[in-house]
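Here the structure comes first, spelled out in structure tokens, and everything after it is commentary.
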Amino acid sequence: MGALLHSLSLLLFLSLLQVCLVQCKKCCLINLSLIKMNSIVINTLPGAQAAIFTISNRCGYTVWPGILSNAGIAPPSTTGFALSPGQSLAVSVAAAWSGRIWGRTLCGQDSSGKFTCATGDCGSGAIECSGRGAAPPATLAEFTLAGGSGSGGGDDFYDVSLVDGYNLPMLVAPSSPASGSAASNGSCQVTGCVMDLNKSCPAELQVVVVASAARAVAACKSACEAFGTAEYCCSGAYGSPATCAATAYSRFFKGACPRAYSYAYDDATSTFTCAAAAAGGGYDVVFCPGTSSLKSGGNPEAVGLPPTYSTMAFTGNAESFTMSRNSLVILLTVISSAISMLSW
């Protein structure tokens, strides 16, 4: 029986390799890393202790989301990908995951083949960020998940931060709308920054992109990034809540996006909680929510400027990536059941 199981495992591996190479080479590398001989590990099977982030792009231009896990936290199967307008991708993370998600814009390859972005670039030189964070300015969604789905799972913490500046509108919401006790005590609320701050960004904070004689604001720096002083960076003598207060620049961000972090100690109105069981198993992260009210926005690509580099590096799409993962999950589930039956 042991020899039969070993042979069947080898057949499974070779079958998956063929499916992967036909459907999606990138997905193949991701999913085959989850397979061990004589055992199958799938982090998206029903009942697994996992949270799902559904990341959606409602902008009129392509966004390249980036994902960074906090130190000591395992990364998800993908840490960077492309979303065309209207596309969404569900990403599975550990139930007790913590980290940040952001959007990169105006991305492409340079003449050497290095992948870079005009805003939110993670510096990896590739679409996958692979443990690297966003270069400011960038709108950030930050999460600390409690773990588990039972009643004793504790509270998730989440926020949208403009402490590192702003590059595009973003909304974060628990996958299940707040109801019952969650609604009555103010938890599980939607947060984010849905305004287009690039259109009203002070001149001294603007990140401007120029191409073909056209000029547009691609992002809006924080005062810390623009000036680097202790007062704006909440460092040195200003390194505590008692000494670091809101400034005219942080009030600009707060006035436009009252639920988002505007500076380091802007906790009272910017951090949100949701019981792990009430979050519905995950969160929605939406770029450019309410696009109709934003119109063309301040993104250079949206107002007619080409991407920073004309040759785009992304060779797949979120739809094919999702289809390939789903195919693999179905195949693995069937064969895993067969192996279990044979072991009896």
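Quick rundown of the values:
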item: The one condition in (1) part of a loop (DSSP other than H, G, I, E, B); (2) open to solvent by less than 40 Å² (accessible area, probe 1.4 Å) that residue 207 fails to fulfil; result: (1)
item: Condition met for residue 250 (at pLDDT 75 or above, of a type in the set (Ser, Thr, Tyr), part of a loop (DSSP other than H, G, I, E, B) and over 24 Å from residue 87 (Cβ atoms)); result: no
item: Selection count, the stretch 31-76, where residues are open to solvent by 40 Å² or more (accessible area, probe 1.4 Å) and modelled with pLDDT of 50 or more; result: 11
item: Test: residue in the stretch 131-141 that is open to solvent by 10 Å² or more (accessible area, probe 1.4 Å), at pLDDT 95 or above, under 25 Å from residue 262 (Cβ atoms) and not in a loop (DSSP other than H, G, I, E, B); result: no
item: Residue tally, condition in a helix (DSSP H, G or I), under 23 Å from residue 104 (Cα atoms) and among the hydroxyl-bearing types (Ser, Thr, Tyr), over the stretch 216-242; result: 0
item: Hits in the stretch 224-260 - residues which are among the β-branched types (Val, Ile, Thr) and open to solvent by 50 Å² or more (accessible area, probe 1.4 Å); result: 229, 243
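The values are calculated or read from the model by the stated rules, or taken from the named source; none is laboratory data. Since we're looking at a predicted model, the values are computed, not measured. Glycine also receives a Cβ, built like all others from the backbone with ideal geometry; neighbour counts cover every protein chain displayed. With ligands, DNA and RNA removed, areas are computed over all heavy atoms of the protein, side chains included. Shrake-Rupley method; radii C 1.70, N 1.55, O 1.52, S 1.80 Å.
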